1. What is the dipole size for segment 409-456, taken about its Cα centre, with +1 at each Lys and Arg Cβ and -1 at each Asp and Glu Cβ, in debye to the nearest 20?
2. Quick one: compute the contact order of the chain, relative version, from alpha carbon pairs under 8 angstrom and 6+ residues apart, as a percent.
3. Please turn the phi angles of segment 249-261 into ³J(HN,Hα) values with the Karplus equation 6.51 cos²θ - 1.76 cosθ + 1.60 (θ = phi - 60°), one per residue in order, whole Hz, x for glycine and proline.
4. Mind sorting F81, F40 by how few other Cβ atoms lie within 10 Å of their own Cβ, fewest first?
5. Kindly provide the pair-distance distribution of the chain built from C-alpha pairs, with 20 Å bins from 0 and whole-percent values in order of increasing distance.
6. Give me the percent relative contact order of segment 96-281, please, defined on Cα pairs under 8 angstrom at least 6 residues apart.
7. Can you tell me the dipole magnitude for the chain around its Cα centre, using point charges on the Cβ only (Lys, Arg +1; Asp, Glu -1), in Debye to the nearest 20?
8. Which net charge results when you count Lys and Arg as +1 and Asp and Glu as -1 among the other residues whose beta-carbon is under 11 Å from that of T537?
Amino acid sequence: MVRPETTRAWTALRGHFEAHGRGLDLREAFARDPGRFAAFSLQAPEVFADLSKNLIDVATRRFLLDLAAECGLEARRDAMFAGQPINTTEGRAVLHTALRAPRGQGPFSDDVHGVLDRMLALAERVRDTATSGITDVVNIGIGGSDLGPAMVVPALDAYAHRGLRLHFVSNVDGHDIVPVLRGLDPARTLFIVASKTFTTQETLANAQTARAWFLDAGPASGLGVADIARHFVAATTNVKAAADFGITETFGFWDWVGGRYSLWSAIGLPIAIAIGAEHFRALLAGAHAMDRHFATAPLTQNLPVQLGLLDVWYRNFHGFTSRSLAPYHQGLKRLPAYLQQLEMESNGKGVDLAGQPLAAGSSPVVWGEPGTNGQHAYFQMLHQGTDVIPVEFILVKMPAHDRADLPAAVRDSLTGQHAKLLANGLAQSQALMLGKTAADAARERPPTAAPGADPAMIARHRSFPGNRPSTTFVLDALTPPSLGALIAMFEHRVFTSAAVWGLNAFDQWGVELGKALAGELLPRLDSGDATGLDASTAGLLARVRA
Ligand SMILES: O=P(O)(O)OC[C@H]1O[C@](O)(CO)[C@@H](O)[C@@H]1O
């Protein structure tokens, strides 16, 4: 393993940053180079990306590619696809890409397609609502066993079965499950208990609550313990624990599928129920197309690689600590939360593969909201705040809401909405880059400025520094293949920066300490015993018990 800061490319990047990077002005760069948009745009499967509004030039890109080469990115990528145990701290392969490889291709193909066929057959049985009688599907899971399906199901609403409602319960907080159970009919409800380990406290607690509700409400519909097998299924690697719970229909997966990379596995069952087998296979196919792109495209044209290297550039040279995501599609409202786990649980590490402290920063904070909602909340800070935060916009050319079954006037109105949505997305990246000088602001007569206020002072409040970087992704439409490709792009981008930083993106020891301490505190909530606790925790324990 090569430490990035010891490479020649790192030194070159440091020098380049001081000489040209820090002072790069996007407005001047575009004025100088009419070909900048074309030179810094990439077309990958299903996803077009405009990287030209980033603080990079040709030399930045060259030095970053040198860095990737010196850090052995390609060898590490190839080792992942080949199933080598690159998750070294847990001694596991990392093969979520095998889950979307076509039948007969990729490692463990028989196992993968065996479970996939079985799971899609169940999905189709449930979707045949006249026969199944199911109207509501409740997924009980958390983290990677929740966020993927909870993100994809609304994103692909245009493809969803109209007679089925999908619900997601994750938190160990009755305020999550109680409103979901309210109004459900046990005879018409299917619970999916989704847990890779089947040991997760939150999921087991919610599964027990669902079971208790089912046994309490069931008898009115003639249901009892024997019916749990028909109304509860599990997605897990721990088939025995699911059986001990009373679940007989289990869809397995494998320890080489990380939780946050698992929506392609049996964890995707809610997605398959919502959109059906054919569309689920199309989601996998889109991700597979991005896998092939990542595995084979020259690094200069390789979108996940270029994004991951940009992350290194911003985090380690510009010192930016966060990145904001603005999907201009309401269906992608859960994408920021999904990417928070994907990126921050993967790359939020402080030591390298050898366990040595990293010399430079790793995962940025990832956050955001759909546009245009975010514009009316925190975009103020993105435009005029003191921190520079790169923003990523996702635009979708063709909406899916102007369906033929809507009245013509409603469809016309919705078409107008989509134009407004796109105009706003384009305008935001433009505004971030262009800014507005105080001199330009001074020429305006803002109607809301305080009467008699010093115009120069008002102009300074109304000026924008500009030169704020952004990336814009464009999808033709939000479809199963395009969403699959988009998610896989984000996965491989995280892989790329992890490879440069030399860290293990596939473990998550950082979540263990809190879990262990919660286990120790739980009995103290009952007993009140504060022995050995720090004064703050002891004081809070007394306060919540009072
Ligand atoms: O699927 P499981 O085993 O219930 O785990 C849920 C989540 O908990 C974590 O292990 C830690 O929070 C995640 O990595 C995982 O996605």
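All of the numbers you see were taken from the coordinates with simple rules; none came from a lab. This structure is a prediction, so every number in the text was calculated from the model and none was measured. Methodologically, a virtual Cβ is constructed for each residue, glycine included, from the backbone with ideal geometry; neighbour enumeration extends over all protein chains shown.
1. 140 debye
2. Numbers: 896 pairs, mean separation 107.8, N = 546.
Reported relative contact order: 20 percent.
3. Couplings: 9, 10, 10, x, 9, 10, 5, 8, 10, x, x, 7, 10 Hz.
4. Ascending number of Cβ neighbours within 10 Å: F81, F40.
5. Each 20 Å bin holds this share of Cα pairs: 19, 49, 28, 3.
6. Contact order relative to length: 31 percent.
7. In total the dipole reaches around 1040 debye.
8. That sum, taken over residues with Cβ under 11 Å, equals 0.
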